[in-house]
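The values are calculated or read from the model by the stated rules, or taken from the named source; none is laboratory data. Being a predicted model, the structure only gives us computed values, none of them experimental. Note: ideal-geometry Cβ built from the backbone for every residue, glycine included; neighbour counts use all protein chains shown. All accessible areas refer to the heavy atoms of the entire protein, side chains included, with ligands and DNA or RNA removed. Shrake-Rupley method; radii C 1.70, N 1.55, O 1.52, S 1.80 Å.
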Amino acid sequence: MSVAHDTPLALFGYPPQVGRSLRDLGLTAVTVPPGPLPDVLEACATLRYSGALVHPTLQAELLGHAEPDSAARRAGLADALAFAGGVQATYTLPDALLDALEQSGYPVRGARALLLGVGADLQVGVTLTRLGLSSVTLAASTRPLAEQLGREVPAGLLLGAVSRSDPALPGLAERADLIVLTAGSVPAGLLQPFHAVLDLTGRAGAAARQAGATLVPLAALPVLRLARRLLHATGVRFVPDALEPLTTLLD
């Protein structure tokens, strides 16, 4: 599917070769200057850019110059912008994760989950509570931070909050079906053969195999996320299969 060439797409933090690759989709994508960001965003709106894709190194900074939706506000990051009626920011990873889980066929509903992260990254895992988890334990760098993040969990869901260094963590893991890793690494000896592991870091594979745990397949996540980013930035819904060659360029 193509987009009219008079509605270009801005690329924040990406090299020009990304724009050349996006031409295969019918997009006119332009790498914009690095700043000052308010001036660049104003120019994008004036020149009638449809939206923008934002490199991870700029996602936190750009959020401060945009109007975030709920996902961007919770994450403190913006990975796509739209310029219709202002600068509208979104963060697509949580919803793309739900898309990928639906494709994987893993039965999330009713699962008891342990979310291992560091801080705000756990917000992505909290998204899973939309799918009917029976309980969730948040393990962050500190217990107060885990408790703060727990305020986003729907009322009525059985909730626990601990630090990653809490000696009770192995016992909590034994009562979980699903281990979700959003940042950092899995503590040694935590995984068991009955665990399903949802690894958003790409670093838990060896630990899962050693423990005999099952990795939930997330191969489709990058392309599903890119489809959501482009939908926000251009208003066009692309077929995910057509985006596969671009995912490594847009990490």
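Overview of results
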| item | result |
| --- | --- |
| Per residue accessible area in Å² of the range 123-251, where ligands, DNA and RNA are left out and the probe is 1.4 Å | 48 Å² |
| Total charge dipole magnitude, the chain, about the Cα centre, Cβ charges on Lys, Arg, Asp, Glu only, Debye to nearest 20 | 380 debye |
| 222 nm mean residue ellipticity, helices alone, for the chain (DSSP H n ≥ 4; -39,500 (n - 2.57); rounded to 500) | -8500 deg cm²/dmol |
| Carbon + sulfur, % of accessible area of the range 173-251 - ligands and nucleic acids excluded, 1.4 Å | 54 percent |
| For the range 105-242, size of Cβ-based charge dipole, Lys and Arg +1, Asp and Glu -1, in debye | 280 debye |
| Using alpha-carbon coordinates, inclination of helix 93-104 to the longest axis of the chain, degrees | 60 degrees |
| Gaussian network model of the chain, springs between alpha carbon atoms under 10 Å - residue of GLY51, GLY119, GLY26 with greatest fluctuation | GLY26 |
| For the range 172-187, Karplus couplings with θ = phi - 60° (6.51, -1.76, 1.60), whole Hz, Gly/Pro x | 5, 5, 5, 8, 9, 8, 10, 9, 10, 9, 9, 6, x, 10, 7, x |
| Phi to ³J(HN,Hα) by Karplus 6.51 cos²θ - 1.76 cosθ + 1.60 over the range 166-171, Hz, x for Gly, Pro | 5, x, 7, 4, x, x |
| Length gained when the stretch LEU249-ALA219 is fully extended (0.36 nm per residue, less Cα-Cα span) | 9.2 nm |
| FRET efficiency for THR46 and VAL118, using Cβ-Cβ distance with R0 set to 35 Å, rounded to 0.05 | 0.35 |
| Dipole in debye (nearest 20) - the range 67-165, about Cα centre, beta carbon charges: Lys, Arg +1; Asp, Glu -1 | 440 debye |
| Prolate/oblate/rounded call for the chain, Cα gyration tensor, a/c under 1.5 rounded | prolate |
| Sites THR57 and SER165 - FRET efficiency at Förster radius 30 Å, r taken between beta-carbons, to 0.05 | 0.55 |
| ³J(HN,Hα), Karplus 6.51/-1.76/1.60, whole Hz, each residue of the range 129-143, x for Gly, Pro | 5, 5, 9, x, 4, 8, 7, 9, 10, 9, 10, 10, 5, 9, 5 |
| Centre separation in Å (Cα based) which lies between the range 101-147 and the range 160-220 | 11 Å |
